Structure formats: C-alpha cells, structure tokens
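What follows draws every value from the coordinates through simple rules; no lab data is involved. Note that this is a predicted model, so its numbers are computed, not measured. Here the Cβ positions follow ideal geometry from the backbone for every residue, glycine too, while neighbour counts run over all protein chains shown.
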C-alpha cells in the first residue's frame, strides 16, 4: 500500500477530538523511508483493515499524550502529539505589516521561528521531559509570501503547498485528500502549506551552520529578538 493510500485511511478516521493527532500521523508518514514503511506493512499486513486497526491503536495511545498549546517565545507556541512537536505560526500580522512593513515582518517571523526551534532543541538536549522522545517539528499555516516558502525550503524543511485556486476547485480537493485538511482548518480563500523537519537534521553541523548564517543576516538588517520573556515553560 502506498503512502497516499494510508493517508486516505487516516483522513477517513478523522474526528474533532483526534484532529491534531491525525495531523501528527500524516507528518510522520511523510517522513517514513520506503524501507521503514515496508517493514511496518509486513508487520501489520498490507491490507486496509489491518492498517486501519494499527492506526487506531496509534491514535488511542497518542490521545493520552495530547497537550494544549504552550508559548515558546513571543510569536510561537507549541503542542505535542505522539513523537511530534507542533509549532503554531502567527496568522494575523496586519498590525506588524502596517507598523514595520511586509519585508521586516516576514524576516522577524522567520527569526522568531529559528529562536523557537533553538529553544526546543536546547530544552530537548537538556532533558526536558516533554521533548525527550520527540522526533520532529511540524507546522501547517496559511502561506503569507513566496519568500516564506523559500526560507523554509532553504533550511531543509519538507514542504507541501496548496494554492488558493486549487483549494477552491472541488474536483482537486476531492482528488487530493490532504488538501481537505487545509480547507477544514483555514478555509479555501488563501494559500496553505505544511512544513516538517526532523531533529536529526536540526542537530547536524550543516543545519546549525545554516541557522547561524541566517541569524547573522537578520541581525545585519537590524532585526533582533526582543527578550521580554526570560523563561518560557
């Protein structure tokens, strides 16, 4: 069975209560290697009934781990589901647009995103119990500008984009089950994207060098973090 078929099964299992857990599992499926996927299918048997039973067991086990959102810095909060940390990106930035302009707003959001990832990574390394067994960071959000996607892509996030025109096409949505999640959460009047990155990537020397270089670029443009909160729990 292909990844797309397994995702279709997950979408059919979605309820209001398990929506965030389903999002988490969709992200985890995206990250699975073909070898790991094959091993799972061999273990649970490669048929719809067995896979649905396996997924339901995963959902049941993760429901006890589900948490509300917690602020991690001035602009981002996180939630936890299973082995994934969900970073929630700001949506309404109109006040910042009016005050400091679009370019500086987007750069500021990106700097705070890097700060949020850095805080989470450090807390995980220091043994913060909520993050110890987490494998990746996942986001779903309306896409503000093309440069936001370019920034995430440059930093090795796995990205899936749904254009507003596509989300308004009933046939497209019917043929692409994942796009139904975007419509359900954000409606069909804006572009929506998902992004996911694993801690194995974040902790690599190459990624840390990319992060440091990007922060330096922001700082040289006069964009810095405001440390209004010394500790976030």
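Just need the relative contact order of the range 67-233 here, percent rounded to a whole number, with Cα pairs under 8 Å and 6+ apart. Don't skip to the answer; put the middle values down first.
Working: 211 pairs, mean separation 43.7, N = 167.
Result for the range 67-233 is 26 percent.
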Output the 0 to 90 degree angle, nearest 10, between the alpha-carbon long axis of helix 3-12 and the longest principal axis computed from the alpha carbons of the chain.
90 degrees
Tell me the angle of helix 48-63 to the major Cα principal axis of the chain, expressed in degrees between 0 and 90 and rounded to the nearest ten.
40 degrees
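Per 0.36 nm of contour for each residue apart, how much would the distance between residue 165 and residue 189 grow if the chain were fully extended, relative to their Cα-Cα spacing? Kindly include the intermediate steps, with their values, before the conclusion.
Working: separation 24, 0.36 × 24 = 8.64 nm, distance 0.82 nm.
Taking 0.36 nm per residue and subtracting the Cα distance, the gain is 7.8 nm.
What shape does the range 1-66 take by its C-alpha gyration tensor, where a ≥ b ≥ c are the square roots of the eigenvalues and a/c under 1.5 counts as rounded, a/b above b/c as prolate, and the rest as oblate?
Working: a/c = 1.69, a/b = 1.56, b/c = 1.08.
The shape class here is prolate.
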Report the residue, chosen from 173, 192, 44, that carries the largest GNM mean-square fluctuation when the chain is represented by alpha-carbon nodes joined by springs under 10 Å.
44
Suppose only helical runs count, i.e. DSSP H with n ≥ 4. What mean residue ellipticity at 222 nm does that imply for the chain under -39500 (n - 2.57) per run, divided by all residues and rounded to the nearest 500 deg cm²/dmol?
-17000 deg cm²/dmol
Pairwise label distance in nanometres, residue 156 with residue 210, each label 7 Å out on the Cα-Cβ vector:
0.6 nm
Spread of Cα-to-Cα distances over 10 Å intervals beginning at zero, given as percent, for the chain:
7, 30, 36, 21, 6, 1
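For residue 95 and residue 41, what does the FRET efficiency come to when R0 = 41 Å and r is the distance between their Cβ atoms, rounded to the nearest 0.05? All intermediate terms of the calculation are to be shown ahead of the outcome.
Working: r = 49 Å, r/R0 = 1.19.
Rounded to the nearest 0.05, the efficiency is 0.25.
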For residue 56 and residue 176 in the same chain, what is the full-extension length gain: residue separation times 0.36 nm, less their Cα-Cα distance, in nm?
41.0 nm
Mean separation of Cα contacts under 8 Å (6+ apart) over length of the range 140-220, as relative contact order %:
38 percent
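If you count the DSSP beta bridges with both ends in the chain, what percent of them are antiparallel, to the nearest 5?
The antiparallel proportion sits near 85 percent.
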